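Report on the following structure.
The values are calculated or read from the model by the stated rules, or taken from the named source; none is laboratory data. The structure presented is a predicted model; accordingly, all values stated were derived computationally and were not measured. Because the Cβ atoms are built from the backbone with ideal geometry, glycine has one as well, and the counts that use them run over all protein chains shown.
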Amino acid sequence: MNAAHPHTAAAGLRLAGHALVEALVAQGVNTCFGVPGESYLAVLDGFHEHREHIRFIACRQEGGAAFMAEAQGKLSGRPGVCFVTRGPGATNASIGVHTAFQDSTPMVLFIGQVASDQRDREAFQEIDYRHMFGPGTLGMAKWVAEVESADRLPEYVARAFRTAMQGRPGPVVLALPEDMLTTPTAAPVLPRVEPVHAWPAPGGLRELRAMLMAAERPVLLAGGSGWDAEAAAALQRFSENWQLPTGCGWRFQDTFDNRHPLYIGDVGIGINPKLAARIRQADLVIAVGLRLGEMTTGGYTLLQAPRPQQKLVHIHAGAEELGRVYQADLLLQSSMACAAKALESLAAPNTVRWTDSARAARADYEANLVAPAVEPMDLAVVVKTLQRLLPEDTVYTNGAGNYAGWLHRYGVLPGLQHHGRTQLAPTSGAMGYGLPAAVAAALLQPHRQVVNLAGDGDFLMTGQELATATGYGAKKLLSIVVDNGTYGTIRMHQERDYPGRVSGSDLYNPDFAALARAYGWHAEFVDATAAFEPALRRALEAGRPALLHVKLPTDVITSRTTLSAIRSAALKQAS
């Protein structure tokens, strides 16, 4: 027992802050991310007390800490954990909560709160977090609560973990009054919780099989959260049994092995036009695990909302998600662990009518991997060089921005049944996600190489987390900063809608390599394609985190077109 608190020495008594840490250990948590605050000093003391079982990673800004916890949830399938202080700490962390909600990632955010006897006075940094995070279909969290009783703290933690994982996974927010955390409690911690898995209805499976037997041009789309290695492997067997051309939802590209002959591409921003046409022309779309959000559906055009032209089967873990946007022909509520096993049990015929179509779809995908040469810096070559030189289990991260399109188009990822998640990216479109996610991956799974691809605007949102990587000994971590001197996505839209009228999207950038060296990283500047591979090899041999500052002409705005071409087309249309 901590000698600083002798009044807790009675049998079973300890500070509630210590009990909270014990509860996290019982849930299998060995790493938490956060920024320290005076509102939860008792918890920090609990981390010290139990330092042999759990560590607290002190980050440099709460947004970065929350992104790290979100990445932890993606990698592990169990809630990532973040601690922040009240007021500004919570508001900074809200971007990670929103990302976890839109990405359906299990996560628990703990917020230090003002003391109970100061509530409702607008005390220093006081916020009502139930209103701020507003649980609901368009809120930021699945559940928000304030723990008023130290004796009930373990109960709240267990419920938070179960809620974060149950059905459609997502974030939970618990506010912790400062005085509650310093109250002695003998409440026992509760055992590790697991989500309850739901199986799809047998009648629905029979209906799905009948729809497949009647189909001519089916497409399987997979993604979302809740997948594990066994479920991903079962999904692949279902695809093989029925010879189904299979695509992955936006930024869930590692759900299905991209090297498989039935994989036909990722469905999202920058989609292969031939794949988009194939989905529109399909007579049956089976969507497994996806929310079928705006990005995956091309602004609700690949599948017309609310009633698609294609027959639609939607399988999802969240009852509230089914029928929310699309009135599908068949809705099945099921966890991915059960859905994939049930799907692979559907007896397939000896032959199907769409074999040639599946081969053609794969050929379209492979043709899309062929890139036109771009000088002086070719990002397609950058991505392909990374994949050629790095291990198969490398984790790739990115935030928001056009630069990510090269990684999505040319990156060929193994299915998560082989190595777990290899893609960490925000479907929320949050800038600044990629670097903290990469730092988290490098600290949580130090045996794996981690690569962050970041834009110049994206990187400086959370670039201070370079210090977190250095301070906690990350080694196999590489950040590639693509510097084109502009907020590229915004500039692209400006040239399309207001050609030649650039406003607010230009950037003044530092020497990113010099900045990284100041944090103790190996770093180099690269401005030509031929110089990239030698620089990459030196970075991988450095034995410490490394950053490559890659200069890209502003005009090279996507993997498919240029700013000048977009401007020219817009001016021509206007005239």
Could you check how many residues of the stretch 304-350 are touching a Leu at 6+ places or on another chain (Cβ under 7 Å), in a loop (DSSP other than H, G, I, E, B) and at negative phi?
-> 7
Scan the stretch 410-429 for residues that are in contact with a helix residue (DSSP H, G or I) (Cβ under 7 Å, 6 or more places away or on another chain) and assigned to a helix (DSSP H, G or I) and jot them down.
-> Y410, L416, Q417
Taking the stretch 462-484 as the region of interest, how many residues are surrounded by fewer than 22 Cβ atoms within 10 Å (Cβ to Cβ) and in contact with a Phe, Trp or Tyr (Cβ under 8 Å, 6 or more places away or on another chain)?
-> 2
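Do the conditions hold for A160, that is, is it aliphatic (A, V, I, L, M), modelled with pLDDT of 95 or more and either part of a helix (DSSP H, G or I) or surrounded by fewer than 18 Cβ atoms within 10 Å (Cβ to Cβ) (or both)? Steps first, please.
Values: aliphatic (A, V, I, L, M): yes; modelled with pLDDT of 95 or more: yes; either part of a helix (DSSP H, G or I) or surrounded by fewer than 18 Cβ atoms within 10 Å (Cβ to Cβ) (or both): yes.
When the stated conditions are applied, A160 passes them.
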State whether one or more residues within the stretch 351-365 are part of a loop (DSSP other than H, G, I, E, B) and among the basic types (K, R).
-> yes
Wholly within the stretch 178-286, helices (runs of 4 or more DSSP H) carrying at least 2 residues that are within 28 Å of the chain's Cα centre (by Cα) and not assigned by TED's automatic domain parsing to the domain that holds V21 = 229-242, 273-281
Considering only the stretch 561-575, how many residues are outside any loop (DSSP other than H, G, I, E, B) and out of contact with any Asp or Glu (no Cβ under 7 Å at 6 or more places or on another chain)?
-> 7
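Residue-by-condition table, conditions (1) under 17 Å from K384 (Cα atoms); (2) part of a helix (DSSP H, G or I); (3) touching a residue at least 12 places away in the same chain (Cβ under 8 Å):
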position: F525; (1), (2), (3): no, no, yes
position: F532; (1), (2), (3): yes, yes, yes
position: A535; (1), (2), (3): yes, yes, yes
position: A539; (1), (2), (3): yes, yes, yes
position: A542; (1), (2), (3): no, no, yes
position: L548; (1), (2), (3): yes, no, yes
position: D555; (1), (2), (3): no, no, no
position: S559; (1), (2), (3): yes, no, yes
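Going through H493, H418 one at a time, which residue ends up being surrounded by fewer than 24 Cβ atoms within 10 Å (Cβ to Cβ), outside the structural domain of M295 (by TED's automatic domain parsing) and at pLDDT below 95? Break it down stepwise before answering.
Numbers: H418 fails: at pLDDT below 95.
Just one listed residue meets the conditions, H493.
Can T486 be described as at pLDDT 95 or above and under 26 Å from the mean Cα position of the chain (by Cα)? Talk me through it step by step, then tell me what you get.
Details: at pLDDT 95 or above: no; under 26 Å from the mean Cα position of the chain (by Cα): yes.
No, not satisfied.
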Please name all residue pairs, on different chains or six or more residues apart, with Cβ atoms under 9 Å, provided the first residue is in the stretch 211-239 and is hydroxyl-bearing (S, T, Y) and modelled with pLDDT of 95 or more and the second residue is part of a strand (DSSP E or B) and buried (at least 23 other Cβ atoms within 10 Å of the Cβ).
-> S239/L220; S239/A222; S239/T246; S239/Y263
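Just give me the residues in the stretch 375-401 being more than 20 Å from the chain's Cα centre (by Cα), touching a residue at least 40 places away in the same chain (Cβ under 8 Å) and buried (at least 17 other Cβ atoms within 10 Å of the Cβ), in sequence order. Explain how you work it out, then say what you get.
The initial filter retains those residues of the stretch 375-401 that are more than 20 Å from the chain's Cα centre (by Cα), namely 375-382, 384-391.
Okay, now just the ones that are also touching a residue at least 40 places away in the same chain (Cβ under 8 Å), so 375-382, 385-386, 389-391.
Listed by number, the residues that qualify are M377, D378, L379, A380, V381, V382, L386, L390.
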Taking the residues in the stretch 489-521 that are over 26 Å from Q449 (Cα atoms) and of a type in the set (G, A, S) as candidates, determine which candidate is nearest to the chain's Cα centre (by Cα).
-> S505
